[in-house]
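Remarks on the structure that follows.
Derivation of every value follows stated rules applied to the coordinates shown; laboratory data play no part. Just so we're clear, the structure is a prediction, and the values are computed from it rather than from any experiment. Cβ coordinates were reconstructed from backbone atoms using ideal geometry, including for glycine residues, and neighbour counts include every protein chain displayed.
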Amino acid sequence: MKAFKIFSLAVLTLVIASCSHTIEESAGTEETQTETKIAVVANDAVNMKVDGMVCVNGCKGAIEKSLNGMAGIKACEIDFEKGIAHVSFDNSQISDVEIQKAIESVNDGAYSAEFITDKETEALTEETNTAS
């Protein structure tokens, strides 16, 4: 019984020590990321038709997370039902072609991205609304 108590106390101490170490590391990482992040002023935007998405959380989420973490991108929002990505970005930090390549590289190239005009975006929106 005494050995069990000592063992339990040792395990508890180890868990507490490892948790506090992880919290300290995370706090340090956040401070470093905050200090090095460059402010993004969106001075350009692009719409793209994204093919290959099969699920909202996995596909859409992976693309948005990947792009929203990139330097120069202010926001990436994807309308899954329409298959349209709208990306606001600073064209002095990243180009529209780099954004297209970034989408196409997510999940080992599972997606393709094609630039579309505002008229094409409206037409896709109308098609989706009519089909609903």
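Brief remarks follow.
- Entry for the stretch 44-131 at q = 0.22 Å⁻¹: log10 I(q)/I(0) = -1.05, Debye formula applied to identical alpha-carbon scatterers, no solvent contribution.
- Taking other Cβ atoms within 10 Å as a rough exposure proxy, Val50, Val97 sort from fewest to most as Val97, Val50.
- Fewest-first sequence of Leu67, Leu124 by Cβ atoms within 10 Å of each Cβ: Leu124, Leu67
- Label point at Met70 placed 7 Å out along Cα→Cβ; residues across the stretch 113-128 whose backbone nitrogen lies under 14 Å: 113-115
- ³J(HN,Hα) computed for each position of the stretch 86-91 - Karplus, 6.51 cos²θ - 1.76 cosθ + 1.60, integer Hz, glycine/proline x: 10, 10, 9, 8, 9, 6
- Residue order for Val40, Val54, fewest other beta carbons within 10 angstrom first, comes to Val54, Val40.
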